[in-house]
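Step one of this worksheet: look at the structure below.
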């Protein structure tokens, strides 16, 4: 298989080779070799209201070789492109860290390293993703398997049949690359997907077989969900037309996790197209819940300065301008408190399974 | 009266002393007795410091005497382990030392030898206002007293006032009760020195190298006194030779009268009583500096006293009014010719000779005044590691770094060397105005790192000298300069000027380096980029061609010849007054004419230079064997030459 690929150069590899071509062409014309890299920041994203996703803007930065401040980065970018094309040719997947080690060496006749730490190489991979419009999965770079799934869904993974209803309470570890080429969804009979921020709550729900009673897929990303988890939720949502509910802590970071699942992230806005789930619903914890569910004030945590400034930033995001959202965030700011999902255990260990979620689902009490 | 008040109620009264008895116990304390008990006041707190203090006092006296007599000083210091028949322990273990200091000074007349070396507070320098190393006439006698106290050995003095005069040999001790000399031995001997003085002290001491050691002291003496030839026979058998680099004596400081602002009330009363003038106005104009007849009249008017009043009759309220009037009257600052600064050139020479570096600079401030005493502040800087040391580093750093590792940075702090009237101050650095001024200077402005409240960091030696008719020390052992605002301000101004020049040097060097690095990094990166492109293209790439093309662009973009110009011109002392910059090609700027540089370009071999003035051992060692200290210079510089021989004047009969 690898040999077959070597003969026929893939589309992604072609894109990577274009980096070398840019250098060669410029050198032929005695020009400074330059790469155009779209800017990955809030200033360069647009919110497409119609589609409900964040899209990358058109602004780009020029990375030129013969500029003292950019020369090293330029050289490193070319090295990373080289390593990525090696992956393509050998048809292997690897991690960000291995790319770092693969490209690290001492430059000839010097004591300078090409890279000094991984922080230097990681952003370059993202730079290449956006400038070549190739997904990280297509570049064969994977992240840690940091997600779990359990529920009435059957996957085909490397020819193995994985029935997530028969994997006990541990569930299936979501691989970082879940594109159809790698993971096939053979069957899904669930009514909805519940994406939980924290592993503890996911464990509680899995242990209580919540998914069986409410016929749903339980998914967690242990914090900010990695791409595999987001992409899998998106595929279930898209291919089986089932709604996605998001359960996060009641704090600015929880809100942002929801916003990333729903509209896409700012840093990798170009991937929203394939990742974002514009119809995802925010099921909790809402800043209205402590009142509604009688959570005592003493299980809240005081917002610190960072929380407050982050919440104020969220208030300005174009995709959070809907009235209910503005009220939600302002209510949290007014109370001065944040609540963790874990705080529900104050009422009862199984309060989440027995009372909170059933009532939420029954009342259809969620934010869009 | 204590008998009345403190009546013991029960027990048989143990006869409390009566006033008469107590009175009978009162008696005079001689200075010698006082200092025997309080030897720490004079710098004999511990054996190590005592050894240093003895050397210091003897060397100070030798230099003062020679300079005053107009002789270019040559001083030989010998430290030996005193074994007294037993096998001598190694120097680092020994507790008894024999200190011998020989000078080529004017010598001392016979009858003055005993009091000079065996009577405290006997000297020539206390009663006049003139810059000199010694001030009180305590030092050498105190050293003798310390010897007597710890080993019981008398001070041995050999002195001759000229080739034709007799050489006298004395052994003396102090009678501590009377503060008078006791002579043990007095005879005429033959001496192989035509003129000069030799002092030998046997004391309890400890020899330890490093900070505040005898070695450091003598090295610093050599820095601040480049007109001195100094030979040091260390107790371990090594000989260090500090040749003279300036062939003329510093100008003789003048003696001045006191300035009215610097006088305390008690002193004024005494002067009023002792004066020979018959009128108050005459006294003011005659016994003070910078008081003209007009100013004297003005003071009298302000004090509401008659200018014709007899000075002796002015006391009590009148004297107080006079004192206030003096303070209220505007009087010109005292003349500064009573101070002889080392001079920028000499400081540069001294630093250059003793300290390896890349950049040297020196500043002499104009004279200023504290409490009526004129003083001059001088500062100098030696920065960098010296070309040979720099050359070593690239090899050491050749290993590429692992993640999280850092290059060993030079975190060493600057060294401050302090001087008062050309004498190095080695102790109590943090109590010294000098040190405080170094801390307060914002070195970061000049491109030198400095943490809060710390010395600047880097390979740097900061030199500060205060010259004054009366240096305000914090204690009798003369270890730190008192922190007067005026003094600290002057020190800071001098340091700032040095710092500015250093900053200019560093910036210029940095600019050249960064141009070089710019070119360099492109060359490095082109290699990488070409290789990566070759791999990306699956080997189908004319790599050499691409490399050439990129190199051409790089050259065009980095300025080419312009960069070369900057690089070739690295630094250059132009625009930096009183500075030396040392590059791989040698020193630029006000580089001192070191002995050996003059005369024939090709230096003859060492042995071909007979040097009659030095003992054979000095010649042998002066070749600059691999010496561990920073002071070691290449042999070329450390060599004595014919030019280094003293141009002595006719010997004068002078007593110290």
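The values are calculated or read from the model by the stated rules, or taken from the named source; none is laboratory data. What you are looking at is a predicted structure, and each value in this text was computed from that prediction instead of being measured. Backbone-built Cβ (ideal geometry, glycine too); neighbour counts: all protein chains shown.
Here is a yes/no grid of residues against (1) closer than 28 Å to residue A:69 by Cβ; (2) in contact with a strand residue (DSSP E or B) (Cβ under 6 Å, 6 or more places away or on another chain); (3) in the same structural domain as residue B:580 (by TED's automatic domain parsing); (4) not in a loop (DSSP other than H, G, I, E, B):
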{"residue": "B:453", "(1), (2), (3), (4)": "no, no, yes, no"}
{"residue": "B:462", "(1), (2), (3), (4)": "no, yes, yes, yes"}
{"residue": "B:471", "(1), (2), (3), (4)": "no, yes, yes, no"}
{"residue": "B:486", "(1), (2), (3), (4)": "no, yes, yes, yes"}
{"residue": "B:501", "(1), (2), (3), (4)": "no, yes, yes, yes"}
{"residue": "B:509", "(1), (2), (3), (4)": "yes, no, yes, yes"}
{"residue": "B:514", "(1), (2), (3), (4)": "yes, no, yes, yes"}
### Query
In this structure, is residue B:174 touching a helix residue (DSSP H, G or I) at 6+ places or on another chain (Cβ under 6 Å), buried (at least 22 other Cβ atoms within 10 Å of the Cβ) and more than 17 Å from residue B:101 (Cα to Cα)?
yes
### Query
Going by the conditions given, is residue A:31 at the interface with another protein chain (Cβ under 8 Å from one of its Cβ atoms) and not in a helix (DSSP H, G or I)?
yes
### Message
I'm trying to understand the selection: among the residues of the range B:225-270, which are part of a helix (DSSP H, G or I) and in contact (Cβ under 8 Å) with a residue 24 or more places away in the chain?
### Response
B:260, B:261, B:262, B:265, B:268, B:269
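Any chance you could count how many residues in the range B:280-314 are surrounded by fewer than 15 Cβ atoms within 10 Å (Cβ to Cβ) and at negative phi? Before the answer, list the steps.
Applying the first criterion (surrounded by fewer than 15 Cβ atoms within 10 Å (Cβ to Cβ)) to the range B:280-314 yields B:292-294, B:301, B:304, B:306, B:308, B:310, B:312-313.
Now drop any that are not at negative phi, which leaves B:292-294, B:301, B:306, B:308, B:310, B:312-313.
Of the residues in that region, 9 qualify.
Can you tell me how many residues within the range B:147-167 are in a helix (DSSP H, G or I) and buried (at least 21 other Cβ atoms within 10 Å of the Cβ)?
Here is the first cut: in the range B:147-167, the ones in a helix (DSSP H, G or I) are B:147-150.
Filter again for buried (at least 21 other Cβ atoms within 10 Å of the Cβ), leaving B:147-148.
Final tally of qualifying residues: 2.
Let's see how each residue does on (1) surrounded by 15 or more Cβ atoms within 10 Å (Cβ to Cβ); (2) under 24 Å from residue B:343 (Cα atoms); (3) within 12 Å of another protein chain (Cβ to nearest Cβ); (4) at pLDDT 85 or above:
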| position | (1), (2), (3), (4) |
| --- | --- |
| B:483 | yes, yes, no, yes |
| B:501 | yes, yes, no, yes |
| B:508 | yes, no, no, no |
| B:511 | no, no, no, no |
| B:523 | yes, no, yes, no |
| B:537 | yes, no, yes, yes |
### Query
Which residue pairs have Cβ atoms closer than 6 Å, lie 6 or more positions apart in sequence or on different chains, and pair a first residue in the range B:184-198 that is more than 10 Å from residue B:169 (Cβ to Cβ) with a second residue that is in a strand (DSSP E or B)?
B:184/B:171; B:195/B:160; B:196/B:103; B:197/B:103; B:197/B:159
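State whether the residues of the range A:78-85 include one that is surrounded by fewer than 17 Cβ atoms within 10 Å (Cβ to Cβ), touching a helix residue (DSSP H, G or I) at 6+ places or on another chain (Cβ under 7 Å) and either touching a residue at least 12 places away in the same chain (Cβ under 8 Å) or facing chain B (nearest Cβ under 10 Å) (or both).
Keep residues of the range A:78-85 that are surrounded by fewer than 17 Cβ atoms within 10 Å (Cβ to Cβ), which gives none.
No: zero hits.
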### Query
Residues of the range B:422-451 being farther than 30 Å from residue B:63 by Cα and in a helix (DSSP H, G or I), which ones?
B:439, B:440, B:443, B:444, B:445, B:446
### Task
Go over the candidates A:18, A:69 one by one and state the one that is surrounded by fewer than 20 Cβ atoms within 10 Å (Cβ to Cβ), in a helix (DSSP H, G or I), touching a residue at least 12 places away in the same chain (Cβ under 8 Å) and within 12 Å of chain B (Cβ to nearest Cβ).
A:18
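So for the range A:117-132 (the condition being part of a loop (DSSP other than H, G, I, E, B), without any contact (Cβ under 8 Å) to a residue 60 or more places away in the chain, within 13 Å of chain B (Cβ to nearest Cβ) and touching a helix residue (DSSP H, G or I) at 6+ places or on another chain (Cβ under 9 Å)), does at least one residue qualify?
Within the range A:117-132 (the criterion being part of a loop (DSSP other than H, G, I, E, B), without any contact (Cβ under 8 Å) to a residue 60 or more places away in the chain, within 13 Å of chain B (Cβ to nearest Cβ) and touching a helix residue (DSSP H, G or I) at 6+ places or on another chain (Cβ under 9 Å)), the answer is yes, since at least one residue qualifies.
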### Task
For the range A:21-30, enumerate the residues that are exposed (fewer than 14 other Cβ atoms within 10 Å of the Cβ) and more than 25 Å from residue A:87 (Cα to Cα).
A:28, A:29, A:30
### Query
Which of the residues that make up the range B:128-148 are over 18 Å from the mean Cα position of the chain (by Cα), more than 15 Å from residue B:116 (Cα to Cα) and at pLDDT below 75?
B:128, B:129
### Message
Anything in the range A:97-113 that is in contact with a helix residue (DSSP H, G or I) (Cβ under 6 Å, 6 or more places away or on another chain) and within 7 Å of chain B (Cβ to nearest Cβ)? List them, or say none.
### Response
A:107, A:108, A:110
## Note on the structure
The correct count of residues that are closer than 30 Å to residue A:43 by Cβ and touching a strand residue (DSSP E or B) at 6+ places or on another chain (Cβ under 6 Å) in the range A:329-352 is 1
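Which residue out of B:117, B:97, B:170 is under 28 Å from the mean Cα position of the chain (by Cα) and assigned to a strand (DSSP E or B)? Don't jump to the end; show me each part of the working.
Details: B:117 fails: assigned to a strand (DSSP E or B); B:170 fails: under 28 Å from the mean Cα position of the chain (by Cα).
When all the criteria are applied, what remains is B:97.
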### Matching residues in the range A:287-320 - criterion: being within 22 Å of the chain's Cα centre (by Cα) and in a loop (DSSP other than H, G, I, E, B)
A:317
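Yes or no: residue A:94 touching a residue at least 24 places away in the same chain (Cβ under 8 Å) and either under 20 Å from residue A:22 (Cα atoms) or more than 13 Å from chain B (Cβ to nearest Cβ) (or both)? So that I can check it myself, show each step before the final result.
Working: touching a residue at least 24 places away in the same chain (Cβ under 8 Å): yes; either under 20 Å from residue A:22 (Cα atoms) or more than 13 Å from chain B (Cβ to nearest Cβ) (or both): yes.
Yes: the conditions hold for residue A:94.
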### Message
If residue B:97 satisfies all but one of (1) in the same structural domain as residue B:166 (by TED's automatic domain parsing); (2) touching a helix residue (DSSP H, G or I) at 6+ places or on another chain (Cβ under 7 Å); (3) more than 30 Å from residue B:188 (Cβ to Cβ), what's the number of the condition it fails?
### Response
(3)
